[in-house]
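Trainee: Got a structure for you, written out below as structure tokens; questions coming shortly.
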Amino acid sequence: MPDTLPVPIADDLVCSDSGGIALLASRERATGRICFPARPESDARYDRVVLPRTGRLWSWTVQRFRPKSPPYAGPDAFEPYAVGYVELDGTLIVEGRLVDAAFDDLEIGMAMRIVPLPFLLADGSLRTSFGFAPDRGAGI
């Protein structure tokens, strides 16, 4: 994977390096509470942290109908997709699309990893979002 990704869909959301993509969060200095997505770096109440890249599937469902438009701006030919909550190695639970797995193969507790997802804006520009894919090297 290259060290750079297309522009993230939102500031302070993802970063990448030779290890792949990771999510950015903030740790509140006063309480230690982790906040996702990350707060602006200019906010002195928080320190920037990189979340673990792996975790376990906590819950999931399948979006089987085209969402209301607006705000949905995807293709008219809608295809169902999985959405889940992944507990990132004891840090916090993050929601995201589940990719690279058949719906019938998804199981609560399965090992997952963060992956980059391309996101095409209405103006045709490409941005980077994130999703979760099975971490087949981790086992169950």
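Trainee: If you take the charge dipole of segment 8-87 about its Cα centre, with +1 on Lys and Arg Cβ and -1 on Asp and Glu Cβ, which of VAL14, ALA30, PRO75 is farthest toward its positive end?
Mentor: ALA30
Trainee: Do any trypsin sites (Lys or Arg not before Pro) in segment 31-140 lie in a DSSP loop with no more than 15 other beta carbon atoms within 10 Å, and if so, which? Before the final figure, lay out the partial values.
Mentor: Numbers: sites: ARG33, ARG45, ARG48, ARG53, ARG56, ARG64, LYS68, ARG97, ARG113, ARG127, ARG136; in loops: ARG33, ARG45, ARG53, ARG64, LYS68, ARG136.
Here the sparse-neighbourhood loop sites are ARG33, ARG45, ARG64, LYS68, ARG136.
Trainee: List the residues whose amide H sits under 5 Å from the amide H of GLY131, counting only those 5 or more places along or on another chain, with H placed 1.01 Å from N in the peptide plane.
Mentor: VAL115, LEU117
Trainee: Which whole-Hz ³J(HN,Hα) couplings does segment 53-68 yield from phi under the Karplus relation 6.51 cos²θ - 1.76 cosθ + 1.60, θ = phi - 60°, glycine and proline marked x?
Mentor: Couplings: 8, 10, x, 10, 5, 8, 6, 7, 8, 10, 7, 9, 10, 5, x, 4 Hz.
Trainee: Which percent of the accessible heavy-atom area of segment 76-140 goes to carbon and sulfur, probe 1.4 angstrom? Each step should come with its number before you reach the end.
Mentor: Values: 1820 of 3670 Å².
Using a 1.4 Å probe with all protein chains present, segment 76-140 comes out at 50 percent carbon and sulfur.
Trainee: How much accessible area per residue does segment 1-97 have, counting only protein heavy atoms and a probe of 1.4 Å, in square angstrom?
Mentor: On the way: 6060 Å² over 97 residues.
Spelled out: the 1.4 Å probe surface of segment 1-97, per residue, equals 62 Å².
Trainee: Give me, ordered by chain and number, the residues 5 or more places off TYR81 or on other chains with an amide H under 5 Å from its own placed amide H.
Mentor: Sorted by chain and number, the residues that satisfy this are GLN63.
Trainee: Using the Cα centre as the reference, give the magnitude of the dipole from point charges on the C-beta atoms of the chain (Lys, Arg: +1; Asp, Glu: -1; all else neutral), rounded to the nearest 20 debye. Before the final figure, lay out each step's value.
Mentor: Details: 15 positive and 19 negative charges, 63 e Å.
The calculated dipole for the chain is roughly 300 debye.
Trainee: Could you work out the relative contact order of the chain? I mean the mean sequence separation of Cα pairs under 8 Å and 6+ apart, divided by the number of residues, in percent. Numbers along the way, then the final one.
Mentor: Details: 283 pairs, mean separation 30.1, N = 140.
The normalised contact order for the chain reaches 22 percent.
Trainee: Heavy atoms only, probe 1.4 Å: what % of the accessible area of segment 3-64 goes to carbon and sulfur, would you let me know? Kindly include the intermediate steps, with their values, before the conclusion.
Mentor: Details: 1790 of 3650 Å².
Looking at segment 3-64 in its full context, I get 49 percent from C and S.
Trainee: In the chain, which longest range has no chymotrypsin sites (Phe, Trp or Tyr not before Pro) that are both DSSP loop (not H, G, I, E or B) and surrounded by at most 15 other Cβ atoms within 10 Å? Kindly include the intermediate steps, with their values, before the conclusion.
Mentor: Working: sites that count: PHE65, TYR72, PHE78.
Answer from the scan: 1-64.
Trainee: A further question follows. Loop only per DSSP, at most 15 neighbouring Cβ atoms within 10 Å: give me the GluC sites (Glu not before Pro) in segment 82-140, ordered by residue number. Walk me through the numbers before you get to the answer.
Mentor: On the way: sites: GLU87, GLU95, GLU107; in loops: GLU107.
Passing sites in segment 82-140 are GLU107.
The values are calculated or read from the model by the stated rules, or taken from the named source; none is laboratory data. Please read all numbers here as calculations on a predicted model, not as lab measurements. Counting neighbours? That spans all protein chains shown, and the Cβs are built from the backbone with ideal geometry, glycine included. Just so you know, the surface numbers come from the protein's heavy atoms only, side chains and all, with ligands and any DNA or RNA stripped out. Shrake-Rupley method; radii C 1.70, N 1.55, O 1.52, S 1.80 Å.
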